[in-house]
Amino acid sequence: MNLKFFEIIKINNIFKLQNNKVIRMNDFMKRLKALADETRLQILLLLLKKNICVNGLARKLDISESAVSQHLKILREADLVRGEKRGYFVHYQVKKENLLAVADYIEKLVMIDSGK
């Protein structure tokens, strides 16, 4: 990894990922902050297995529906989940491409640290 990568970030506030996609610093930081909460991580883990509504998540996590809704709001604002209305309920699913983008950048950081 060369220093020009960091100059690009500093000037444009953009990270270039391995798949040549870019992620803005603000988006990356918002996603990291959303992932930094244990309950939100548990929600993501459940949603990676199956699309679930707020009520189902609340039962599985043993927390209130309003607490789940607040966590989902943060995950939606970070563009990590999306909701799909099915009848009276909204079922949520993980936006895997955006979760992978965070992992991709973190992998780049590790590669810099190891000198690869």
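Values quoted throughout were computed directly from the atomic coordinates according to the rules given, and no laboratory measurement underlies them. Bear in mind that the values here come from a model prediction, so they are computed numbers and not experimental data.
Are any of the pairs Lys60/Lys95; Lys73/Lys108; Lys30/Lys108; Lys33/Lys96; Lys33/Lys60 more than 25 Å apart by Cα-Cα distance, and if so, which?
Numbers: Lys60/Lys95 21 Å; Lys73/Lys108 28 Å; Lys30/Lys108 18 Å; Lys33/Lys96 17 Å; Lys33/Lys60 23 Å.
Listed pairs above 25 Å: Lys73/Lys108.
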Sorted by chain and number, the residues with a modelled amide H under 5 Å from that of Cys53, at a separation of 5 or more or across chains, are Tyr92
